[in-house]
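This report concerns only the one structure given below.
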Amino acid sequence: MAMSNLAFRGHREKIGQSNNGNFLSIVELLSEYDHILKELLHLPQGTARYLSPKIQNEIIDVLAKQVENDIVSEIKAAAFFSIIMDTTQDISKVDQLSQIHRYVTISRDKSQRATAVNIQEVFLGFHVVEDPSAAGLENDIIKCIEDKGLQLSKCRGQGYDGAATMSGVYTGVQIRIQRKEKNALYVHCAAHNLNLVIQDSVSHVPEVSRFFEVIQSIYVFFGDSISRWSLLQSLTSESSVTLKRLCPTRWSSRFDSILALRFRFLDVLKALSRIILTSTKSKEREEARALRKKIESFEFVFLLVLQSKILDKTNAISKVLQSEHMDLSNAAQLIYNTIEALSSYRNQFEDAKKTAITLADKWGIPAMFVNKRIVKVKRHTDELCLDERLQDPESRFKTAIFNATLDVVTSQLSSRFCSMNTIVERFKIIQPCVLATKSDDYLFQEAVKFHQYYQDDISTDFPGQLLSFRSTLQDGITKSPTIKDLAHLLIVDNAVLSSTLPDVCTAFLLFLTLPVTVASAERAFSKLSLIKNYLRSSMSQQRLSGLALLSIENDRARKLDISDIVDKFAESKARRRNF
């Protein structure tokens, strides 16, 4: 029940009464098929039956503590770890800090032979934040690390969002922790960065901003009326996809909204036309007429095609980046590929226009740009020429909207991920493409520079070991696309060599430990809202963390020996009772 986010207690706490909670109800149901359990329920008053809420909470605490100890033991056994932290308010308006640790484990078989290299991102509980300042969060994060018996000196990465409190380069949490551990590199969440990129592309071009306002207005118009929504749902000539709400803080919702409108474009126009002709409400008719006028514009159709292309590219990256198995080199490569694709699309205006014409022809929208009034700037006496503006509406759309939107997206993708690229550049010496193509002299010099960063983790033998690794496994390096594949090549496929090249193994594990996004911390917030809801808003912090830990670990398919723990708990309670 704890692993499934279910409540235990009801309004009553007695066997045989109605509405006595999930736990007692399930026990009563099981007793119908288990005569031993049925005898237990009919024992006289005062007999130990271990069914009270206090016993339930103690069992949860024991289970959660056991799982936590197992996770902490794994983190201690790992070479390094990174911290991923984020905060949110719960239903009781308490600021909760989600504690996520990222580390690398090496799976082994019964003969202790390495079988796989695994990247782990694990949840270790929630912590109440009383001081939301950078200094207060720094103390909370360090306290969470030390309370688990972990050493800050093994921390090699920090993953937060872009809030100034967390990411500030002078007084932010990341720089405060770096002063205590210089190699705890800060990585700005890649998913949040993508969100900011899309927001900038919308806010910098007024026509795009108004376009999304129309998208939201269409959803509100149909979503606020049951009859209008039913009318739209009855029109399924093109697709059964429904309209989606446009959330301003989640850019992936923009893609859902755009996709829904593009594939229901004809249905939306048909529904608006029918409302204009048949509705008895003048206000409803006017709203429908205004919306139809806006979306019957060829510029609107063109923007629908353009934004679909942009969001399609970025949405695919976001889905991949949120995986805990993603590493920084893969993330940087995905961003680079997106920049290249959108830069190439900038030169495909005519192809985009053809796509827009095909969509517009379905409703008979003329493929022409509206010639709008051009605002001229007054010429001063000392100026030599008048203000020059593009006269052709198509050229103006291409320059001021199409090119401008793509330029903002590509430039923001390049600038906002500079810090990630800087970290990837530090580890370029172990990138497969560099190892496979660069000369020995180049590798040796760069390996010496890399050693300067991590003198406490890597010995002076690292340059020589790297050259030996390259010369010994040249073919395997060429076939390995990622650093994780290189780690598997050395640690698993060539385990004998890993003992003679320990610094190379350390470099691989160090890079894989660095975080990419804070998606795992935000996934923990989903559990928070399920567990501590308006019906269970007064639970203790220990119970909240325990239930969240059990639920999340159950989702990660960790094998929990619950029966053994419960049996030991019952034996200890019986011994104490007899004593």
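The values are calculated or read from the model by the stated rules, or taken from the named source; none is laboratory data. Values in this document were obtained by computation on a predicted structure and should not be read as measured data. Using ideal geometry, Cβ is built from the backbone for each residue, glycine included, and neighbour counts are taken over all protein chains shown. Just so you know, the surface numbers come from the protein's heavy atoms only, side chains and all, with ligands and any DNA or RNA stripped out. Shrake-Rupley method; radii C 1.70, N 1.55, O 1.52, S 1.80 Å.
Condition check ((1) in contact (Cβ under 8 Å) with a residue 12 or more places away in the chain; (2) surrounded by fewer than 13 Cβ atoms within 10 Å (Cβ to Cβ); (3) hydrophobic (A, V, I, L, M, F, W, C); (4) within 23 Å of I531 (Cβ to Cβ)) across all residues:
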residue	(1), (2), (3), (4)
S4	yes, yes, no, yes
G21	yes, no, no, yes
S25	yes, no, no, yes
T47	no, yes, no, no
K54	no, yes, no, yes
Quick one: is L549 in contact with a Gly (Cβ under 7 Å, 6 or more places away or on another chain), assigned to a helix (DSSP H, G or I) and either buried (at least 20 other Cβ atoms within 10 Å of the Cβ) or not basic (K, R) (or both)?
yes
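Pull up the stretch 316-353, narrow it to residues that are charged (D, E, K, R) and open to solvent by 50 Å² or more (accessible area, probe 1.4 Å), then point me to the one that is nearest to the chain's Cα centre (by Cα). Full working, then the answer.
Taking the stretch 316-353 first, the residues charged (D, E, K, R) are 319, 324, 327, 340, 346, 350-351, 353.
Among the residues that remain, those that are also open to solvent by 50 Å² or more (accessible area, probe 1.4 Å) are: 319, 340, 346, 350-351.
On the way: K319: 8, E340: 23, R346: 29, E350: 35, D351: 33 Å.
Looking at the filtered set, the residue picked out is K319.
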Being free of Cβ contacts under 8 Å to residues at least 12 places away in the same chain and either closer than 22 Å to N183 by Cβ or open to solvent by 90 Å² or more (accessible area, probe 1.4 Å) (or both) is true for just one of Q445, Q465. Which residue is that?
Q445
If you go through Q199, Q151, the only one that is open to solvent by 20 Å² or more (accessible area, probe 1.4 Å) and closer than 23 Å to L97 by Cα is Q151
With (1) under 25 Å from the mean Cα position of the chain (by Cα); (2) assigned to a helix (DSSP H, G or I) as the list, and E146 as the residue in question, which single condition is left unmet?
(1)
Among (1) modelled with pLDDT of 90 or more; (2) open to solvent by less than 70 Å² (accessible area, probe 1.4 Å); (3) touching a helix residue (DSSP H, G or I) at 6+ places or on another chain (Cβ under 6 Å), which single condition is A367 missing?
(1)
Scanning the stretch 202-216 for residues that are of a type outside the set (S, T, N, Q) and in contact with a Ser or Thr (Cβ under 9 Å, 6 or more places away or on another chain), the one surrounded by the most Cβ atoms within 10 Å (Cβ to Cβ) turns out to be I215
Just one of (1) closer than 28 Å to Q322 by Cα; (2) free of Cβ contacts under 8 Å to residues at least 24 places away in the same chain trips up N554, so point out which.
(2)
Mind listing just one residue for me: the one in the stretch 106-126 that is in a loop (DSSP other than H, G, I, E, B) and without any contact (Cβ under 8 Å) to a residue 60 or more places away in the chain and, of those, surrounded by the most Cβ atoms within 10 Å (Cβ to Cβ)?
D109
Test: residue in the stretch 63-81 that is modelled with pLDDT of 85 or more, among the basic types (K, R), under 30 Å from L24 (Cβ atoms) and open to solvent by 40 Å² or more (accessible area, probe 1.4 Å)
yes
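Among the residues that make up the stretch 27-42, is at least one of them of a type in the set (F, W, Y), in a loop (DSSP other than H, G, I, E, B) and either closer than 14 Å to S545 by Cα or free of Cβ contacts under 8 Å to residues at least 60 places away in the same chain (or both)?
Pass one, the stretch 27-42, residues of a type in the set (F, W, Y): 33.
Then drop every residue that is not in a loop (DSSP other than H, G, I, E, B), which leaves 33.
The next check asks that each one be either closer than 14 Å to S545 by Cα or free of Cβ contacts under 8 Å to residues at least 60 places away in the same chain (or both); those that pass are 33.
Within the stretch 27-42, one or more residues are of a type in the set (F, W, Y), in a loop (DSSP other than H, G, I, E, B) and either closer than 14 Å to S545 by Cα or free of Cβ contacts under 8 Å to residues at least 60 places away in the same chain (or both).
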Which one of these does C433 not meet: (1) crowded, with 17+ Cβ neighbours inside 10 Å; (2) modelled with pLDDT of 90 or more?
(1)
Quick one: how many residues across the stretch 412-442 are farther than 20 Å from L489 by Cβ, aliphatic (A, V, I, L, M) and without any contact (Cβ under 8 Å) to a residue 40 or more places away in the chain?
0
Mind checking which residues of the stretch 167-198 are over 17 Å from the mean Cα position of the chain (by Cα) and in a helix (DSSP H, G or I)?
S167, V173, Q174, I175, R176, I177, Q178, R179, K180
Screening Y186, Y160, Y219 for residues that are among the hydroxyl-bearing types (S, T, Y), in contact (Cβ under 8 Å) with a residue 40 or more places away in the chain and open to solvent by 10 Å² or more (accessible area, probe 1.4 Å) leaves only Y186
